[in-house]
Ligand code: HEM
C-alpha cells in the first residue's frame, strides 16, 4: 500500500544527565516552544461541541483548508466531508504520525475506514471536528473490493 507507512515506534526524548533544564518544573512552557500559528488558527476554528450534528458544523471551503494547512503547522484531515483537527492528537495516534501527516489538508475517507470502526470515530474523532466541507480530493483512488453484491465494509452507516 503506497499511501501507508506504519509507525509504531515510541518517540522518547530525554535530556542529558547534567542538563540544568532537568531541574525545572516539567510543566513549564518555554515561550520559544509555543506555536503561535496553531494557537491563532485554533482560536479561529475551534473544535466543535460533541453534541453538534455534522450537518450543523461551520462550513469551511476547500480553499480555506488549503490555506490553513499550507505550512503543516495545523494538521487538518477530511473524512466524509468533515474536517478533523489532529494537531494535538497526532502525538498519541496509535497508527503513528506519518499516516496523518501524509494526508494533511486532504480527504482520506476510505483509508480511514480501512483501519477504524465507527466506535473509534465516536470516541476519538468526534471531539476533533472543526467544520464541514465539500469537494476536497482524496489523492488516491480507492480499489473497490466486492463481496457478493455488497461492498466490503459497507455497513449502511453514514
Ligand atoms: C480523525 C483522525 C483519526 C483518529 C481519531 C484515529 C484514531 C485511531 C485509533 C483510536 C486507533 C487505535 C485503533 C485500535 O486500537 O484498534 C488508530 C489506529 C490506527 N490508525 Fe488512526 N486515527 C485517525 C486517522 C488515521 C488516518 C488518516 C490513518 C491512515 C490512513 C490512520 C491509520 C491508522 C492505523 C494504520 C492504525 C493502526 C491499526 C492497527 O494496528 O490495526 N488513522 N487510529
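Values in this text are rule-based calculations from the coordinates and carry no lab data. The model shown is predicted, which means the values in this text are computed figures rather than measured ones. Neighbour counts are summed over all protein chains in view; Cβ atoms, including those assigned to glycine, are modelled from backbone coordinates with ideal geometry.
Looking only at helices (runs of 4 or more DSSP H) that lie completely in the range 50-137, which have at least 3 residues being closer than 23 Å to residue 39 by Cα and within 11 Å of the ligand (Cβ to nearest atom)?
In the range 50-137, the matching helices (runs of 4 or more DSSP H) lie at 97-101.
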Find all pairs meeting these conditions: Cβ atoms under 7 angstrom apart; at least six residues apart or on different chains; first residue within the range 118-135 and closer than 12 Å to residue 49 by Cα; second residue outside any strand (DSSP E or B) and near the ligand (Cβ under 7 Å from one of its atoms). 128/86; 128/89
The conditions are (1) crowded, with 17+ Cβ neighbours inside 10 Å; (2) without any contact (Cβ under 8 Å) to a residue 40 or more places away in the chain; (3) touching a helix residue (DSSP H, G or I) at 6+ places or on another chain (Cβ under 6 Å), and residue 76 fails exactly one of them. Which is it? (2)
